[in-house]
Amino acid sequence: MMAIYFICHLICDRSTVNQANKNVLLLAFCQALAMTGSIVLFTTAALIGSALATDKSFATLPLAILQLATMLTTIPAAFVLQQWGRKRGFMVGVMVGLTGASLAIYAIFAGSFILFGGATLLYGIFNGFVGYYRFTAADVATEAFRSRAISFVIAGGIIAALIGPPLATYTKDWLPVTFAGGFMAIALLQILTLLILSRIDLPPVSPQKQQETGRSLGAIAQQPVFIVAVLGSMIGYGVMALLMTATPLTMVAVHHSFSTAASVLQWHVLGMFTPSLFTGYLIARFGVLRIILTGIVLNALCIAINLAGTSAPHFFAALLLLGIGWNFMFIGSTTLLTETYAPAERAKTQATHDFLMSSFVAFTTFLSGRLLNDWSWAIVNYTGLALIGIALIAVLYLRQQRYERPLA
């Protein structure tokens with residue numbers, strides 16, 4: 001992990017590297033470290049919850065608390081970043097995450113389920129700040145580089161997908177109590193993130209800018225571009241959560257092994273983040289709406305494959321397409337959103353977007369299990385198809401308004 005920091009230090013000190021590009025690179029590293037920690041946490045939290053809870057039905061409650069905390073933090077985090085400055089605000093978020101990781105270690109040693117829930121609450125607050133790395137990259141980049149900046153930051157997930165699961169396994173027995181070592185690794189990742197943030201040179205927010213409010217949120221939300229951007233993110237992320245959550249349960253139900261299901265999910269995660277290496281270039285070349293439409297088509301293909309059969313190749317192909325489709329819709333919609341606000345309107349616009357998206361993802365995550373349990377795998381997919389249809393109509397309407405244009 002320290003090697004990552006020193007490589008980043010050497011690269012960013014080169015005089016040939018533009019300051020804005022340096023910031024984007026450092027933000028991408030911060031994103032990678034945050035997602036790596038989240039993968040370690042999500043890999044172990046349910047098992048820890050099961051070990052600590054008297055009633056085993058509450059085993060996943062700490063993860064539910066984390067998701068709720070992340071959703072509720074999106075709006076206050078945006079205003080902390082605006083009022084305190086993004087560099088200081090991100091550092092505050094990381095310190096909260098470090099406190100959460102430390103509390104988790106203590107909770108595991110003490111055998112306290114309540115304290116462990118408090119630890120995931122704090123880590124959820126930290127995650128509420130992480131979502132703004134991509135927006136900050138867009139804000140510091142030039143217009144021509146904006147979509148690529150967002151894409152590069154999200155590409156940090158590739159590193160997390162590759163090293164997160166092995167790190168969870170390797171650190172499981174670092175400490176005398178099983179799984180406590182994983183949270184020590186998360187704490188180290190938080191410390192490394194603080195070091196990287198110290199190298200970022202983000203422009204401070206002037207007192208005059210802090211007082212500016214711009215248009216009302218209602219006026220911003222009435223823009224067709226804003227509506228399509230929010231729908232694209234909500235539906236792209238929501239359908240991904242809907243199908244991804246139900247896939248392992250369905251695979252086990254049709255007698256696939258757990259290891260096969262885990263492999264399907266790993267390929268899905270790589271599908272989510274690997275395209276980020278070139279999604280920004282595709283947006284700059286073909287235009288943002290065409291890329292969102294491509295993501296919609298890939299999601300539709302995923303659903304068609306899911307409905308066609310339940311063999312392992314069906315699940316592998318479908319979840320890979322689902323990941324790529326999410327990537328195109330999420331990065332495309334984030335890029336589209338950056339064109340809907342002035343600098344003074346940034347905080348409330350970004351906060352509203354992420355709050356709506358996070359709320360919808362939480363809803364579809366819950367809905368997934370209910371539809372699968374009460375109805376069937378096919379109904380889960382038909383629900384996803386209906387949601388994708390709404391996104392398709394919205395994007396086609398915006399294209400009809402002759403909005404589409406290349407960004408560079």
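Couple of notes before you dig in:
- Test result for T260, surrounded by 17 or more Cβ atoms within 10 Å (Cβ to Cβ) and of a type outside the set (F, W, Y): no
- Subset of segment 142-179 that is open to solvent by 10 Å² or more (accessible area, probe 1.4 Å) and closer than 13 Å to N21 by Cα - its residue that is nearest to the chain's Cα centre (by Cα): F152
- Checked against (1) under 21 Å from F152 (Cα atoms); (2) under 18 Å from the mean Cα position of the chain (by Cα); (3) not hydroxyl-bearing (S, T, Y), E339 meets all criteria but (2).
- Hits in segment 276-335 - residues which are part of a helix (DSSP H, G or I), open to solvent by 40 Å² or more (accessible area, probe 1.4 Å) and hydroxyl-bearing (S, T, Y): Y281, T294
- Comparison of T99, T120 shows that the only residue that is more than 30 Å from G280 (Cα to Cα), of a type in the set (S, T, N, Q) and open to solvent by 10 Å² or more (accessible area, probe 1.4 Å) is T99.
- With respect to (1) open to solvent by less than 10 Å² (accessible area, probe 1.4 Å); (2) closer than 22 Å to I292 by Cβ; (3) assigned to a helix (DSSP H, G or I), the lone exception for T340 is condition (3).
- Any hit, segment 244-257, residues being touching a Ser or Thr at 6+ places or on another chain (Cβ under 6 Å) and part of a helix (DSSP H, G or I): yes
The values are calculated or read from the model by the stated rules, or taken from the named source; none is laboratory data. Not measured: the values here are computed from a predicted model. Ideal geometry is used to build each Cβ from the backbone, glycine not excepted, and the neighbour counts take in all protein chains shown. In case anyone asks, the SASA skips ligands and DNA or RNA and just uses the protein heavy atoms, side chains included. Shrake-Rupley method; radii C 1.70, N 1.55, O 1.52, S 1.80 Å.
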